Amino acid sequence: MRSRIDTSPEAPHLDPLMRIKEGIRRKDLILEEQPLPGSNSIRLQNSIAAVTINRESRSDGSRSLSLSLTNLSTKSIRLTRLFLPLSDGLEEFLSGRDPEDIGFFTNGHQSWSRARSFRLSDRPFRSWLRIASIISGNLANLPSNRTGDFSSEMYALMADKRSNEGVCIGQLPPLDQFLYIRCVVAELSPESSHFELIWDFGRRNIPPGATVELSGVHFSEGAVGELAGAYLEQLQGRNVRSRNAITGWSSWYYYFNRLTPEGLRKNLARLQELNLPLTWFQIDDGYQRRVGDWDEPASGFEDMPGLAAEIRSAGYRPGIWLAPFIADRSSRLVREHPEFLLRNEHGRALPAGYNLNWPGKLFYALDVTNPRVEEFIRATIARLTREWGFEYLKLDFLYAACIRGGAHKEISLSRAQIMRRGVEIIRDEAGEETILNGCGMPLTAGIGIFDTMRVGADTAPSWHKLIGRLLRSESIEGVKNSIRNNFARAAMNRRLWINDPDCVLLRRRDTRLSEHERRTQINAAILIGGALFFSDDFTRLGESEIREARRSLELYQICTQGTAAVLDLLEREFPQLVYNSAGYLGLFNMGDRPIRRRLVLHELPAPLSRAVALEEAWSGRRYESVDGVIALDELAPHASFLLRTLY
């Protein structure tokens, strides 16, 4: 049997192989194909393990693979990865096409991870700062830093913008591993290009003779606008279609962690006076003394049950923020319970990130497979929900439960299963009626658990930050990065959960957003039709901003009845056209130069193609169709139109 030791993770694998861990070393072992005459199955095998792959065609024209792996040896194995190259699929799609017409959509690991489309000649940059990759990415699947070498998680799309034809490759249940879909285009040459599928097990221990089921794989071809939705329908999230629209107010983007009970109460009174049709009033970071010490409220927040009761008496439902899987370095939890911390194989506690807003700056991950940590998490959730009375939990920094390099107490679980166990503990303790919002959450592990899910980077009272360019990170907070991800993941809304696009900021003071940027953020949230939360000091908003809030809620309620589709998702990093089937079209200019668009109606999907005019939702400006073409006004940089379709 051939073997290769410590293969570079950046090198493409042209043979099927499995990676195991022996002590602190990794070892790659080739899997040879074994003939199975008369079968629709493939068997890949070496002296240690066998992988069985079954192929199936579905009635909708899609195809799928189901896979299992069996430990053939007399000893347990620590499996880290399985690599399967698909050399025939990419070449066939690229044959006869201009590579510059091809777009490749990549979905990132967790809520804040980059999600966008690339041209095949693009280079997916990797942040040079490791801590930035821990917070917003996946150390086990970092961008390649190489032209034409892309990796996506959960699912990937490839499409020809001229023909509108595309392919979709996606992960299917049981979702017990993280699945990476790699596309390698060598010198834009179809003959040298291939897909590679990678199953990430973390360090899962598989006993001798045991068989484990692997995540299945979905393949489909067709019109690119239909591929993602059809695939995501198969994953079956919580019953989101029965949920009402989720609206509310959050303290974060005005008060940040400088929160006071007085600030909360004056906003509660003002919202009650305005009688805005919001459901939730959510307290964010700042009510606790230290992250991790959830039983020690900060000064003024000693009576959290009373505060929740005040919110309820004002006609709103109380929500609260917490980060259940991390602890601030300066917290009592870290000091008194070092055994709670997730450690590497050398016994060192694993940093999970860095936050300048917190006293200790550095924070650590907790080992959710440690029974005592589970007891701590359960006690925390019980306190916030049943003792304090909060009905909505915004759960933050969740990725920490499964960061790469963790030597978890439980060795029989993959990284995805560890992540799943952590959020299942919370769901079980919180109960089915509590609304759970995931943030910083590895997406596949949250399907079926969360009611709402953050799908983009943090917004901010700024368009973008220079530090993002310096770090080469597309996940730094700011309206621009946030909107890009929200558009890229629009198809997830009301299929897997209700998308949380992050808060809308209405204020014209205490912000660096221009008038165009403010309105663009509002229009984007309306069109997607996910959750809609405001995060301003409402006692400082003027009448025009209050009218804007009311109009936003009216338009949003309409769009929650439709489905959003990004019409040019595969054509550019920052899409321009977003259509909601409730009858609204958005035109966005995310760039730094003015644009002017002429919409050729027969090139657009029905029923939009039958429109006779478009009416701007805020100004009432009407644009008529002339010979099937609608010419729109020039759109300034960072500006947008929200257009009602008229038939």
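The values are calculated or read from the model by the stated rules, or taken from the named source; none is laboratory data. Everything quoted here is computed from the prediction, not taken from an experiment. When we count neighbours, we look across all protein chains shown, and the Cβ atoms used for this are built from the backbone with ideal geometry, even at glycine. Note: accessible area is taken over every heavy atom of the protein model, side chains too, but ligands, DNA and RNA are not part of it. Shrake-Rupley method; radii C 1.70, N 1.55, O 1.52, S 1.80 Å.
Rolling a 1.4 Å probe over the protein heavy atoms gives segment 562-647 an accessible area of 45 Å² per residue.
A 1.4 Å probe run over segment 1-160, with the rest of the protein chains in place, finds 44 Å² accessible per residue. Taking amide hydrogens as placed 1.01 Å from N in the peptide plane, the amide H of A352 sits under 5 Å from those of F363, Y364, A365, each at least 5 positions away in sequence or on another chain.
Could you please report the charge total around N437, scoring K, R as +1 and D, E as -1 over all other residues with beta-carbon less than 11 angstrom from its beta-carbon? Combined, the nearby Lys, Arg, Asp and Glu give -2.
Rounded to the nearest whole Hz, the Karplus-based 3J(HN,Hα) values (6.51 cos²θ - 1.76 cosθ + 1.60, θ = phi - 60°) of segment 170-180 follow the sequence x, 7, 10, x, x, 6, 8, 9, 7, 10, 10, with x at glycine and proline.
Among the trypsin sites (Lys or Arg not before Pro) in segment 249-300, those placed in a DSSP loop whose Cβ has at most 13 other Cβ atoms within 10 Å are R258.
Taking θ as phi - 60° and the Karplus parameters 6.51, -1.76 and 1.60, the scalar couplings of segment 394-408 work out to 8, 9, 10, 6, 5, 3, 4, 4, 10, 5, 4, x, x, 9, 5 Hz in sequence order, x denoting glycine and proline. Candidate cross-link partners of K409 among the aspartates and glutamates, defined by an alpha-carbon separation under 20 Å and a same-chain spacing of 8 or more, comprise E22, D176, D200, E336, E339, E345, D367, E374, E375, E424.
Straight-line cross-link reach from K27 at under 18 Å between alpha-carbon atoms covers these lysines, not counting any fewer than eight positions away in the same chain: K75.
Working from Cα pairs under 8 Å separated by at least six residues, relative contact order for the chain is 12 percent. Scanning residues 5 or more positions from L413 or on other chains, those with amide H under 5 Å from its amide H are N205, with H placed 1.01 Å from N in the peptide plane. Dividing the helix sum by the residues of the chain, where each DSSP H run of 4 or more adds -39500 (n - 2.57), gives a mean residue ellipticity at 222 nm of -6000 deg cm²/dmol. Rolling a 1.4 angstrom probe over the chain with all protein chains present gives an accessible area of which 47% lies on carbon and sulfur atoms.
Taking Lys and Arg as +1 and Asp and Glu as -1, the other residues whose beta-carbon sits under 15 Å from that of A210 total +1.
The mean sequence separation of alpha-carbon pairs under 8 Å and at least six residues apart, normalised by the residue count of segment 130-247, gives a relative contact order of 26 percent. Across segment 592-603, rounded Karplus estimates of 3J(HN,Hα) from the backbone phi angles (6.51 cos²θ - 1.76 cosθ + 1.60, θ = phi - 60°) give 9, 10, x, 10, 9, 10, 10, 8, 8, 5, 5, 8 Hz, Gly and Pro being marked x. Computed with a 1.4 Å probe over protein heavy atoms only, the accessible surface of segment 416-560 comes to 28 Å² per residue. Please enumerate, by chain and number, the lysines with C-alpha under 20 Å from the C-alpha of K266, excluding those fewer than 8 residues away in the same chain. Reachable lysines: none.
Annotation: amide H-H contacts under 5 Å for E296 (H modelled 1.01 Å from N, sequence separation of 5 or more, or interchain): R289.
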